[in-house]
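The values are calculated or read from the model by the stated rules, or taken from the named source; none is laboratory data. Please read all numbers here as calculations on a predicted model, not as lab measurements. Every residue, glycine among them, receives a Cβ derived from its backbone with ideal geometry; neighbour counts consider all protein chains shown. Protein only, heavy atoms only, side chains kept; ligands, DNA and RNA dropped before computing areas. Shrake-Rupley method; radii C 1.70, N 1.55, O 1.52, S 1.80 Å.
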Amino acid sequence: METIENYLDKTESATKKIFEGIDDYINILRESRSPVFVSGILDDEERKKEYEKWATEHEEEIKAFLDAQNKYVDESFAMSTLCSSLLQIAAMGIQKYSKNTEVAEGFSSLIKEGSKPAKFCIGRLERDIPIGLIIYAGRNQFNHLDDKLRELNTSIFEKLCQIESFSNKGTFYRDPAFDLNNEMLVSYASNITSLLGWRSYDNYYNDVRDMFL
């Protein structure tokens, strides 16, 4: 009988190539680090003069970093497309091999016990959501860029983007990386895989495997 380990083995070569592609895009930023201005001067006018002198001396480095940022932004949708492929592969594995029927806490009004989405109520918690459901919502969001998402998907993103203040408990702010109202974003796949820590094959493999332990 096939298992999730068999599935991971069969998809390993393709998945590793996806990670190589993602790493190539991230390297655009890694290869050009921003110079950092540090000053101990308290007077605003003197500090401004010091900064202008520093900026002139580091003009080439600053320009290289800004160029790298612009190039990365230009490639961001391409990178997100690769990240969505990871979510798709993981989602297919869950759909095929998960035998979970229990509904995760906080989702009983949206998921029926024993339903297809219930299969995804597995894995470690990230922002109090099983990562299986995060994979489910991230995959669906990319696959339906031009369609209205179903309530379960939007609810998962709503939970993801609610961040409690460290200094003021009970106060929440919206994380723009997962806010579906953020007009600056089209796809959230790259942000989803970053949240999961899926920037290496080993992290991806361990997460998918461990969801079935």
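Here are a few things to note about the model shown:
- The convex hull drawn around the Cα atoms of the chain, when projected onto a plane and averaged over every direction, covers 15.6 nm².
- Using all pairs of distinct alpha-carbon atoms, the Kirkwood hydrodynamic radius of segment 80-138 works out to 11.6 angstrom.
- Folded to 0 to 90 degrees: helix 151-160 orientation relative to the chain principal axis, Cα: 40 degrees
- Computed across segment 159-213, the Kirkwood hydrodynamic radius from all distinct Cα-Cα pairs reaches 13.2 Å.
- Within straight-line cross-link reach of Lys119, lysines at Cα separation under 24 Å, skipping those fewer than 8 residues along the same chain: Lys10, Lys96, Lys99, Lys148, Lys159
- Acute angle (nearest 10 degrees) that the helix 131-143 long axis makes with the longest principal axis of the chain, alpha-carbon atoms: 80 degrees
- For Gln162, residues with placed amide H under 5 Å, excluding near neighbours: Asp175
- Label-to-label distance, nm, for residues given as Glu75 and Ile163 (7 Å Cα→Cβ offset): 2.6 nm
- Share of carbon and sulfur in the accessible area of segment 24-105 stands at 51%, probe radius 1.4 Å.
- The HN-Hα couplings worked out from phi for segment 32-41 by the Karplus form 6.51 cos²θ - 1.76 cosθ + 1.60 (θ = phi - 60°) are 9, 8, 6, x, 10, 8, 10, 9, x, 7 Hz, whole numbers, x standing for Gly and Pro.
- In this Cβ point-charge picture (+1 for Lys and Arg, -1 for Asp and Glu), segment 1-75 has a dipole of about 60 debye about its Cα centre.
- Sites listed here are chymotrypsin sites (Phe, Trp or Tyr not before Pro) in segment 134-213 whose DSSP assignment is loop and whose Cβ has at most 14 other Cβ atoms within 10 Å: Phe166.
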